[in-house]
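The values are calculated or read from the model by the stated rules, or taken from the named source; none is laboratory data. Being a predicted model, the structure only gives us computed values, none of them experimental. Cβ: placed from backbone, ideal geometry, glycine included. Neighbour counts: every protein chain shown.
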Amino acid sequence: MLAIVKFLVFFLVQLHNRLPVKLSTKKFNDPHNKANVLMQAHFSRMQLPPDLESDQKDVLKYTIQLIQACVDVISSNGWLTPAIAAMELAQMSVQAMWDNESPLKQLPHFSDAVIKRCNDKGVKTIYDIMDLEDDDRNSLLQMSPAELKNVARACNRYPNIELTHRVVGADQLEYAK
């Protein structure tokens, strides 16, 4: 049993060395450090050994619930910047990707090579993919018919939310100085 624990700690150290956000302490036995490494590995879509993969699933389950509770508390206090940060973290957790990565990574079968080809052609968003003509899309993506069907299904599920607003009584608003 001790050998397994030592292997997992060794693997966590090796994993940590490949992650973008480094821990200030190297105590990988601490649960919060392990959770941090497992979450970063999730965002980076790294393969893990079965034991750590199981731990990662548990961490994710509780993390998403905790973040949702944080969003509720933070937004009820009117703190916009922390609320947005918490919502971005929730989105990263659900989508298994960093917030600075291409939104195209959310689509099935979109490897780094496919995303690079899209970016080179000025296709940066999922809406850009949907706006392409079928022949242009097929030649750009270079995927099998089954893969293209999966991409189409994901694009058709992608939400399109439009919002309009107006301020009632704008002439009566007071601005803080």
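Inspect segment 146-164 for any residue being over 30 Å from L66 (Cα atoms) and of a type in the set (G, A, S) and give the result as yes or no. Among the residues of segment 146-164, at least one is over 30 Å from L66 (Cα atoms) and of a type in the set (G, A, S), which makes the answer yes. Here L8 fulfils each of the conditions (1) assigned to a helix (DSSP H, G or I); (2) in contact (Cβ under 8 Å) with a residue 40 or more places away in the chain; (3) under 29 Å from T125 (Cβ atoms); (4) not acidic (D, E) apart from (3). Of the candidates E133, E162, E101, E147, the single residue that is acidic (D, E) and under 15 Å from the mean Cα position of the chain (by Cα) is E101. Out of the residues in segment 15-45 that are in a loop (DSSP other than H, G, I, E, B) and in contact with a Leu (Cβ under 7 Å, 6 or more places away or on another chain), which is nearest to Q95 (Cα to Cα)? The qualifying residue nearest to Q95 (Cα to Cα) is S44. Taking every residue in segment 19-41 that is assigned by TED's automatic domain parsing to the domain that holds Q91 and pairing it with any residue that is among the charged types (D, E, K, R) and assigned to a loop (DSSP other than H, G, I, E, B), at least 6 positions away or on another chain, the pairs with Cβ-Cβ distances below 6 Å are N33/K27. Applying the criterion of being touching a His at 6+ places or on another chain (Cβ under 8 Å) and of a type in the set (A, V, I, L, M, F, W, C) to the residues of segment 60-98, the residue that is nearest to L8 (Cα to Cα) is L60. Restricted to segment 71-177, the set of helices (runs of 4 or more DSSP H) holding at least 1 residues that are out of contact with any Pro (no Cβ under 8 Å at 6 or more places or on another chain), polar (S, T, N, Q) and more than 29 Å from K57 (Cα to Cα) comprises 112-120, 134-141.
One residue stands out in segment 60-83 among those that are more than 15 Å from the chain's Cα centre (by Cα) and of a type in the set (A, V, I, L, M): the one that is nearest to A96 (Cα to Cα), namely L66.
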